[in-house]
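Asks: Submitted below is the structure of interest, expressed as structure tokens.
The values are calculated or read from the model by the stated rules, or taken from the named source; none is laboratory data. What you see is a predicted model; the values in this text were computed from it and never measured. Backbone-built Cβ (ideal geometry, glycine too); neighbour counts: all protein chains shown. Side chains included, ligands, DNA and RNA excluded: accessible areas come from the protein's heavy atoms. Shrake-Rupley method; radii C 1.70, N 1.55, O 1.52, S 1.80 Å.
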Amino acid sequence: GCVLVVSIIEQLAQWHNSTVKAAIERLCNYIPGKYQVMCYMLCCIAREMNADVVCHSLRLCKQDPGQPLCHLYPPPKREKHSPGLFYALAHARPRHQSISKSFMGFSSICTFPLLANFCEKIKYVIRNKLPFEDFDGDKFSTFPTLRGYHWRGRDCNDKNTTVYPGRRPDNWDVKSDSNCNGIWGVDPKDGIPYEEKFCKGADSQGVMLLGDSAGAHFHIPPEWMTVTQMSAKSFANLPMAFSDELDWPQFSEITGFLNSTIGGWTDSLYLRLRKRNRCNHRDLQNISQNGISYLSFSLARNQLLDYPAIVIYATIGNDVCNGNRDTLAHMTTPKEMLSNVMQALRYLDSHLPNGSHVILTGLVDGRFLWDNLHDRYHPLGQLNRDVTYSQIYSFLDCLQVSPCSGWLTPNETLRNLTSERALQLSNVLKEIARSEKFANFDIFYMDFPLRQTAEEWRKMGGEPWQLIEPVDGFHPSQIAAALGTSITWQKALREWPQVLGKENPFNDQIEAIFKDQGGH
């Protein structure tokens, strides 16, 4: 984190031909509101020293005994001597010794009083994966972030625990909208409740995702670290992004419902199900978490009161991805995969209403990442053409915080072994879908459609690297998410039409009558 921030400051100074102090002030002015307190951590950065030297000298980066000295940039050169990071550090530390003590007291932004309460909220939602603002305790919220309606359909009455998206209507919603789909009241022409007239027998169902950071749609805006594009507007979405854990589920492949503001376009399984049957409005849940290799469930579904649901089980990489040096030893084994998934499916069978569907998604072949990015410049290296994705991957791997040491590596043998394990785990999922039966849902398997997505994008004139998030160089981009939706939908129409339900012939009438109540 320190190396990224210091790099940005030094590049701002270079781009605007200013002092480092002026660059720090410029960056702080870009950052909104209370988040400016983080700027107190930025001081006394010498322009002639690269970010690695600054951060090690401030002791925000350190070298553990027996471990390599991690650096992103080539070591600075000494005049008349060979390059040496150790030499640079030795000469930098006296200058920064007094500063490093104050830095150690602020090593976490959560120590700032203005951010302490916010950090507690973040810890709560990460721990529980439930909305922080939920006054009636029904697991749905009227607040967008902190696991609110960006993640689950928006509650339409947060003071009544019996009112929430996805439930079967209470008395056909004659007097009020109990399931938040915007359809309620009685048709004055014939006295029939609108919910009964339009939604009875319509195969209404929700969509839920149990996933990892790809399903949560992890994204760090590249304009946060591309100084040639940077302005106050670049950071306007920072508070929202932080309170959504740097995830953007509202634009995601399975549960997206808002027009994308992070590039590309939004197309999702939820939007397609809603278009197919307007009665499905707001019935979505995204229960995904960054960095998770097992699933901790917080489903909101009542077997007796609620509609069935389509559940997508998609941990597409975390069972083979970790930042350990001996990464292969820390990957999920086929035996562990079988146990974990069966435990999850038994949980679903005890919570999902009868008539639900579960789709198991295979793991991705992550060799695509190195093959398409390793020699390209990272946003941090575009100004001076000095930082490639290969360097970023090596830096993160050295720090043992790589999102995937097995795939983000120049070691081709290791990349192949990681993909081999991913295929083994996908085969476990495929066999479960073939052989296992459950009381309340049928079960299907589909490969992660990376190859089809890349082919489709090429036909549209795109390049494969654009399907990968530019900052982390690891997650599917907004374009990949939207194209993946189309491919998944077409497969379902061909092979499992019963999963999608029938088209509602009253969709146009519903929109005409309830158009003012259709917001998300």
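Asks: Could you check His281 against (1) surrounded by fewer than 24 Cβ atoms within 10 Å (Cβ to Cβ); (2) more than 15 Å from the chain's Cα centre (by Cα); (3) in contact (Cβ under 8 Å) with a residue 60 or more places away in the chain and say which number it fails?
Replies: Here His281 meets the rest and fails (1).
Asks: With respect to Asn324, is the statement that it is within 24 Å of Met446 (Cβ to Cβ), under 23 Å from the mean Cα position of the chain (by Cα) and either hydrophobic (A, V, I, L, M, F, W, C) or not in a helix (DSSP H, G or I) (or both) true?
Replies: So Asn324 does not fit the description; no.
Asks: Something else now. How about region 176-230: which of its residues are hydrophobic (A, V, I, L, M, F, W, C), within 24 Å of Thr255 (Cα to Cα), outside any helix (DSSP H, G or I) and touching a strand residue (DSSP E or B) at 6+ places or on another chain (Cβ under 7 Å)?
Replies: Val207, Met208, Leu209, Leu210, Phe218
Asks: Please work out which residue is surrounded by the fewest Cβ atoms within 10 Å (Cβ to Cβ), limiting yourself to region 176-219 and to residues that are within 25 Å of Phe257 (Cβ to Cβ) and of a type in the set (A, V, I, L, M).
Replies: In this case the residue turns out to be Ala202.
Asks: Which helices (runs of 4 or more DSSP H) sit wholly inside region 2-57 and have at least 3 residues that are at pLDDT below 85 and more than 28 Å from the chain's Cα centre (by Cα)?
Replies: Working: elements: 2-15, 20-30, 51-57.
Because the criterion is at least 3 residues that are at pLDDT below 85 and more than 28 Å from the chain's Cα centre (by Cα), no helices (runs of 4 or more DSSP H) in region 2-57 meet it.
Asks: Does Leu429 meet the test of being exposed (fewer than 15 other Cβ atoms within 10 Å of the Cβ) and either touching a Leu at 6+ places or on another chain (Cβ under 8 Å) or among the acidic types (Asp, Glu) (or both)?
Replies: Criteria not met by Leu429.
Asks: Test each condition in (1) surrounded by fewer than 23 Cβ atoms within 10 Å (Cβ to Cβ); (2) modelled with pLDDT of 95 or more for Phe251 and report the one that comes out false.
Replies: Evaluating Phe251 over (1) surrounded by fewer than 23 Cβ atoms within 10 Å (Cβ to Cβ); (2) modelled with pLDDT of 95 or more leaves (1) as the failure.
Asks: Looking only at region 379-422, how many residues end up being closer than 26 Å to Thr332 by Cα, assigned to a loop (DSSP other than H, G, I, E, B) and open to solvent by 60 Å² or more (accessible area, probe 1.4 Å)?
Replies: Final tally of qualifying residues: 5.
Asks: Name the residue that is nearest to Leu414 (Cα to Cα), counting only residues in region 295-352 that are of a type in the set (Gly, Ala, Ser) and open to solvent by less than 20 Å² (accessible area, probe 1.4 Å). Lay out the reasoning, then the answer.
Replies: Filtering region 295-352 for residues of a type in the set (Gly, Ala, Ser) gives 296, 298, 300, 309, 314, 317, 323, 329, 339, 344, 350.
Applying the additional criterion that residues be open to solvent by less than 20 Å² (accessible area, probe 1.4 Å) yields 298, 300, 309, 314, 317, 323, 344.
Values: Ser298: 35, Ala300: 40, Ala309: 39, Ala314: 23, Gly317: 15, Gly323: 13, Ala344: 30 Å.
Per the criteria, the residue is Gly323.
Per-residue answers, yes or no, for (1) in a loop (DSSP other than H, G, I, E, B); (2) open to solvent by 80 Å² or more (accessible area, probe 1.4 Å):
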| site | (1), (2) |
| --- | --- |
| Trp457 | no, no |
| Gly461 | yes, no |
| Pro505 | yes, yes |
| Gln509 | no, yes |
| Ala512 | no, no |
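Asks: For the list (1) surrounded by fewer than 21 Cβ atoms within 10 Å (Cβ to Cβ); (2) out of contact with any Pro (no Cβ under 6 Å at 6 or more places or on another chain), I need the number of the one condition that Gly256 fails.
Replies: (1)
Asks: Return a yes/no flag: does region 354-364 have any residue that is over 20 Å from Ile220 (Cβ atoms), touching a Pro at 6+ places or on another chain (Cβ under 8 Å) and surrounded by fewer than 18 Cβ atoms within 10 Å (Cβ to Cβ). Explain how you work it out, then say what you get.
Replies: Start the filter on region 354-364 by keeping residues that are over 20 Å from Ile220 (Cβ atoms), which leaves 354-363.
Filter once more, so that each one left must be touching a Pro at 6+ places or on another chain (Cβ under 8 Å): 354-357.
Pick out the ones that are also surrounded by fewer than 18 Cβ atoms within 10 Å (Cβ to Cβ) and you get 354-355.
The answer is yes; a qualifying residue exists.
To keep it simple, each residue is scored yes or no on (1) within 17 Å of Ser252 (Cβ to Cβ); (2) open to solvent by 40 Å² or more (accessible area, probe 1.4 Å).
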{"position": "Asp138", "(1), (2)": "no, no"}
{"position": "Thr142", "(1), (2)": "no, yes"}
{"position": "Trp151", "(1), (2)": "yes, no"}
{"position": "Asn157", "(1), (2)": "no, yes"}
{"position": "Val163", "(1), (2)": "no, no"}
{"position": "Gly166", "(1), (2)": "no, no"}
{"position": "Asn171", "(1), (2)": "no, yes"}
{"position": "Val174", "(1), (2)": "no, yes"}
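Asks: A further question on this structure: Go through the residues of region 467-482 one by one and say whether even a single one is open to solvent by 60 Å² or more (accessible area, probe 1.4 Å), modelled with pLDDT of 95 or more and part of a helix (DSSP H, G or I).
Replies: No: zero hits.
Asks: Name, by its number, the condition in (1) surrounded by 20 or more Cβ atoms within 10 Å (Cβ to Cβ); (2) at positive phi; (3) not in a loop (DSSP other than H, G, I, E, B) that does not hold for Leu146.
Replies: Among (1) surrounded by 20 or more Cβ atoms within 10 Å (Cβ to Cβ); (2) at positive phi; (3) not in a loop (DSSP other than H, G, I, E, B), the lone unmet condition for Leu146 is (3).
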